[in-house]
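I have placed the structure first, in the form of structure tokens, so that the comments after it can refer back to it.
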Amino acid sequence: IATSGPGATNLTTGLATANMDSVPVVAFTGQVATHLVGNDAFQEADTTGVTRSITKYNYLVKDVKELAGTIFAFFKRRFFALLKKRISLGLEPGHPPSI
């Protein structure tokens with residue numbers, strides 16, 4: 001969790017490293033008020049644009065009413081992707097692979 005602007009941009013190194021190493025990370029950042037986006041408001045940064053190439057799912061929630069649905073959709077999407085991968089590897093859902 002990070003604040004808008006510098007707080008969010010400070011996450012980029014960790015996000016890029018995690019992406020390159022295939023390590024799952026979930027990050028939430030703040031943003032200036034919706035009506036101020038694109039107006040060079042105090043501590044505004046295009047976090048979505050900056051992190052688009054180093055994340056697998058990147059979304060700017062513009063209305064707090066969308067927040068819960070967006071978070072649910074993300075976890076649902078990632079869970080089913082992981083489940084599909086496990087099935088394609090011949091692993092039973094819910095059981096860790098043997099090493």
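Here, each number is a calculation from the coordinates, and none is a lab measurement. Values in this document were obtained by computation on a predicted structure and should not be read as measured data. Note that each Cβ is placed from the backbone with ideal geometry, even for glycine, and that neighbours are counted across all protein chains shown.
What FRET efficiency comes out for Phe72 versus Asn39 if R0 is 41 angstrom and r is the Cβ-Cβ distance? Round to the nearest 0.05.
0.85
Could you work out how far apart the two model spin labels at Ile87 and Ala16 are, taking each label as a point 7 Å from the Cα in the direction of the beta carbon, and quote it in nm?
3.7 nm
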